[in-house]
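What follows is calculated from the coordinates using simple rules that are stated; it is not laboratory data. It should be emphasised that the depicted structure is a prediction, and the values quoted were computed from it without experimental measurement. Heads up, the Cβs are rebuilt from the backbone with ideal geometry, glycines too, and the neighbour counts pull from every protein chain shown.
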Ligand SMILES: [Zn+2]
């Protein structure tokens, strides 16, 4: 089990070239470096070594239209933007296999994504109409704001605190604005592209910030239909009631992402404090203060104002593009039949809730819908099965749970230790269950099997070592196997009977990791968080959705199309060089490759994947003619080794991207 190496992108800022034409090159270069990646916190689990001698690199170029609506064109310094924007995202080992002999991952393919920016300014008329639309799709309301002092106190003392207070202002319907922008682009796009809008609705705000504005997104748990009004884990308690989720930016399934940096929000301030103890003061201002606060001392139009404005926007944009267009995660090979099996392990004897009482916590049809979007039928047939067992009747599972109990001696400095509570070592349970997986699941069903264990226990926390201490988490996944755990108290409102949140979104999220997805906040959960504002089940912030965004779906097929092409390329190259090759077969192969490249160029990543995947069939029989060439075979998804569970169980990356000076 190891950290997903794809979650460690390297960023290289280059001089950018303006090209309105989309160019996607399947360029294969070579790299001769041996790279070791170590992540802190889980050294024993997550030391990932790559042996990357002479591995191919796939290069992809992605156009991004940046649209300013409500900004004075004279104040946007495009030269500064061009110099400051991140234009390259490099992913090591988007495909790799475990080398048993050397105990390293052999990289098979790196991915180098080039981002090309085009800038646009909307007209006054467009902005007037947008304002008018927003006037009629917004209302006065209250939301949550972060009490940074209290959160810092909790961080330093370990004592739970009340970390939110109320913020008054204007709530804008975020979903309506997305639809409006989709129908009213406000610029001529060099289609296809991703569009990133910078909006400015600061007209709603008062100078003392007592009245702010934000985008409001429905956060409803799909199992309980209850509105999400709690923040996760350590804050899901009476100290933090009625939590609200303001959004400063937003994107879903339209290849549009809009941001209003003047908005009120609290999430990236929370990530800044909770996930990043050593942040450099002033370096990440865009996640700490809104733009009007940032510009407060400057007179519009002065050199300082322009420098500050553009610096802020560049940082903001750099964060967004890596989550939206610069993704290289997700991985599919040649699977056609995928089986997802869930085992619910109930402990009615301990908490009194029967299987029948708990049926509401899981909705198979939501799982089907979520995966139908991201892995449609034409890619693979996914079937879902679930089984319920009683923990007290299954002695080997019960034994593993009992053996995983951590006492006060092992927990040592765990700040929230309670004598009346049970603490389980999540890693020990994960490996314990995984070892007997075949006894509880039909692992030969389909050509890939995902297995999920849902433990239904009460007054129990699963903990793991992270950030130099034990922390709670709710899910753990790797090798196609997932263990989900959420204390039973969190399923219900305080009355113990009103459903609050089920397990469907948790399961979709964990299975998303099994597909190879990193979190929506892909770059670095600790430093940059705007990706968390996208509507995606892989987001940490978005609590209500069970669905995937277009940005992750694109990434899945963009990356996978390169992977399947690269997997088949040696056989094709060998065949081409063989004087005995059949011209008709070779023409068929070349036609298929052309179809794939054409689809990539028009950003039809799913079609590109389907085209390149046909190469598996076309190369399957080449071996008979060219015995010196080994035909590649599809490999099981179980080689996608991940440890990116949700909860506070996450990974600090030592390899930070190079930041612009
Ligand atoms: Zn996760």
Problem set entry | Extension reserve of the residue 594-residue 360 stretch, reckoned as 0.36 nm per residue once the Cα distance is removed | 79.4 nm
For this session: Starting with the fewest neighbours, write out 581, 509, 213 ranked by other beta-carbon atoms found within 10 Å of each beta-carbon.
Result: 581, 213, 509
For this session: For residue 389 and residue 152, compute 0.36 nm times the residue count separating them, minus their Cα-Cα distance, and round to one decimal in nm.
Result: 81.1 nm
Exercise. Which FRET efficiency value, to the nearest 0.05, is calculated for residue 413 and residue 141 with the Förster distance at 35 angstrom and r the Cβ-Cβ distance?
Worked result: 0.25
Exercise. Based on the Cβ-Cβ distance of residue 587 and residue 182, what FRET efficiency does E = 1/(1 + (r/R0)^6) give at R0 = 41 Å, to the nearest 0.05?
Worked result: 0.50
Exercise. What ranking do 318-329, 424-435 get when scored by the average of other Cβ atoms within 10 Å per residue, highest first?
Worked result: 318-329, 424-435
Problem set entry | Spacing of the two label points (7 Å from each Cα toward its C-beta) at residue 102 and residue 378, in nm | 3.9
For this session: Please work out the Cα center distance from the range 483-537 to the range 375-421, rounded to the nearest Å.
Result: 16
Exercise. In vacuo Debye scattering of the range 323-465, one point per C-alpha: log10 I(q)/I(0) at q = 0.17, 0.21 Å⁻¹?
Worked result: -1.08, -1.28
Exercise. What is the ratio of the Cα radius of gyration of the range 382-489 to 2.2 N^0.38 Å, where N is its residue count, to two decimals?
Worked result: 1.13
For this session: Express in % the proportion of alpha carbon pairs of the range 212-322 at distances exceeding 20 Å.
Result: 53
Exercise. Sorted by packing (mean other beta-carbon atoms within 10 Å per residue), highest first, where do 97-104, 120-127, 476-483, 571-578 land?
Worked result: 476-483, 571-578, 120-127, 97-104
Exercise. Roughly how many nanometres apart are two label points built 7 Å out from the Cα toward the Cβ at residue 578 and residue 402?
Worked result: 6.0
Problem set entry | Distance (nanometres) between label positions extended 7 Å along Cα→Cβ at residue 78 and residue 490 | 4.8
Seminar exercise, completed: For the range 93-214, the percent of all C-alpha pairs falling in each 5 Å bin, from 0 up to the bin holding the max distance, is 2, 8, 12, 11, 10, 10, 9, 11, 11, 8, 5, 2, 1, 0
Exercise. Which shape class, rounded, prolate or oblate, goes with the range 186-233 when its Cα gyration tensor gives a ≥ b ≥ c as root eigenvalues, a/c under 1.5 marks rounded, and past that a/b bigger than b/c marks prolate?
Worked result: oblate
For this session: For the range 549-629, take the alpha-carbon Rg, divide it by the Kirkwood Rh, and send me Rg/Rh.
Result: 1.05
Problem set entry | Residue-span extension gain [residue 302 to residue 602] - 0.36 nm each, minus C-alpha spacing | 103.8 nm
For this session: May I ask you to derive the FRET efficiency for residue 242 and residue 128 from their Cβ-Cβ distance with R0 = 51 Å, giving the value to the nearest 0.05?
Result: 0.90
